[in-house]
Every structure is written in C-alpha cells, then in structure tokens.
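Visitor: Let me begin by handing over the structure; questions about it come next.
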Ligand SMILES: Cc1cc2nc3c(=O)[nH]c(=O)nc-3n(C[C@H](O)[C@H](O)[C@H](O)COP(=O)(O)OP(=O)(O)OC[C@H]3O[C@@H](n4cnc5c(N)ncnc54)[C@H](O)[C@@H]3O)c2cc1C
C-alpha cells in the first residue's frame, strides 16, 4: 500500500460511507482512507426497534467506529464537515482542520506535497 500518497476522504459514516471504507480496505485499496463522521457510534437503523424494546443493547445496535474499523487501514476522524468548497477544492471541518481536495475521482489526482485528498463521496 502506498501510504505516502494523498489519502481518500469519505465523508459520513452511515451505511454508505462505512461500508465503502471497509470494502476499499478489504480490497487492498492502495491509498490511505480517512472516514470523517460527526458521531462516535454507527447506528444500525433497522435494529432500532430492538434497541428501544431492550431486546438488544447499545453495543450491538450502535457499535463504536473505532471498534468496527479496528484492524482495517481506515483512519477514523470524529468531526463535523462544515463545508465542501469545490471552488477552493477544500473540505472544512468544525474543528478548524481542513483538507485540500485535488480531485473528486480517487483514481485521478496528483501529489503536490499539500495535505491533499481525493474526495470519493459528496
Ligand atoms: C428506523 C429505520 C429503519 C430502517 N430500516 C431499513 C431497512 O431495514 N433496510 C434498508 O435498506 N434501509 C433501512 N432504513 C434506511 C437506511 O437506514 C438508510 O437508507 C441508510 O441509513 C442511508 O445510508 P447513508 O449512508 O446514505 O446515510 P446515513 O445512514 O444517514 O449516514 C449519514 C452519516 O453521515 C453523518 N453525517 C451527516 N452530516 C455530517 C457532517 N456534516 N459531518 C460529519 N458527518 C456527518 C451522520 O452522522 C451519519 O452517520 C431504515 C431507516 C430507519 C430510520
């Protein structure tokens, strides 16, 4: 894996974001994957009824991202995306950190030494 190349950002760790991140990781995707999600726990929504009726407990229905991603090469960042500025090619997070976006296509970007990413999902 080429960990020195620009990472791929996935914004939002719902079903789509989380499973995309895990799938890429399992496919030996050659770039670092960063999943940015506002919450610390994934919610398996089809099981919410079982949670409120006490048939299942929180850890089963709402596991922590850090547990779900353990052993994968996905880095989890708990933060809220404040803005995606396509004109400036920048993803701005609530914490103040921002990522420069070189391309929305993960297969088509160039490295230039900045903190740069390919944005895989908008
Ligand atoms: C009670 C319930 C039961 C359901 N049952 C089924 C079912 O049985 N089968 C089925 O196919 N579908 C079911 N669905 C629908 C299914 O849950 C949705 O289709 C699915 O969650 C959509 O996935 P998603 O990744 O697009 O969005 P979401 O799952 O909504 O994920 C979006 C993620 O992005 C994060 N996020 C949002 N904004 C920001 C931000 N600014 N910065 C950082 N993070 C952010 C959110 O915290 C969230 O984790 C159910 C839904 C509900 C509510």
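Read-outs throughout are calculated quantities, based only on the coordinates presented, and are distinct from any laboratory measurement. For clarity, every value in this text was computed on a predicted model and none was experimentally measured. Positions of Cβ are generated from backbone atoms using ideal geometry, with glycine treated the same way; all protein chains shown enter the neighbour counts.
Visitor: Taking the Cα centre of each part, how many Å lie between the range 83-97 and the range 1-61?
Guide: 21 Å
Visitor: Here is a further query. Residue separation times 0.36 nm, minus the C-alpha to C-alpha distance between residue 23 and residue 90: what's the value?
Guide: Separation in residues times 0.36 nm, less the Cα-Cα distance, equals 21.6 nm.
Visitor: Measure off 7 Å from each Cα along the Cα-to-Cβ vector at residue 60 and residue 43, then give the distance between these two points in nanometres to one decimal.
Guide: 1.9 nm
Visitor: Among 90, 62, rank each residue by its count of other Cβ atoms within 10 Å, from fewest to most, as a rough exposure measure.
Guide: Fewest-to-most Cβ neighbours within 10 Å comes out as 90, 62.
Visitor: As a footprinting exposure proxy, order 79, 67 by other Cβ within 10 Å, with the fewest listed first.
Guide: Least to most surrounded, the residues fall as 67, 79.
Visitor: For residue 83 paired with residue 97, estimate the spin-label separation in nm (one decimal), with each label point 7 Å from Cα along the Cα-to-Cβ line.
Guide: Spacing of the two 7 Å Cα→Cβ label points: 1.9 nm.
Visitor: Still on this structure, I have one more. Test of understanding: ordering 20, 43 by Cβ neighbours within 10 Å, fewest first, what list do you get?
Guide: 43, 20
Visitor: With the convex hull built on the Cα atoms of the range 1-71, state its orientation-averaged projected area in nm².
Guide: If I average the Cα hull's projected area over directions, I get 5.1 nm².
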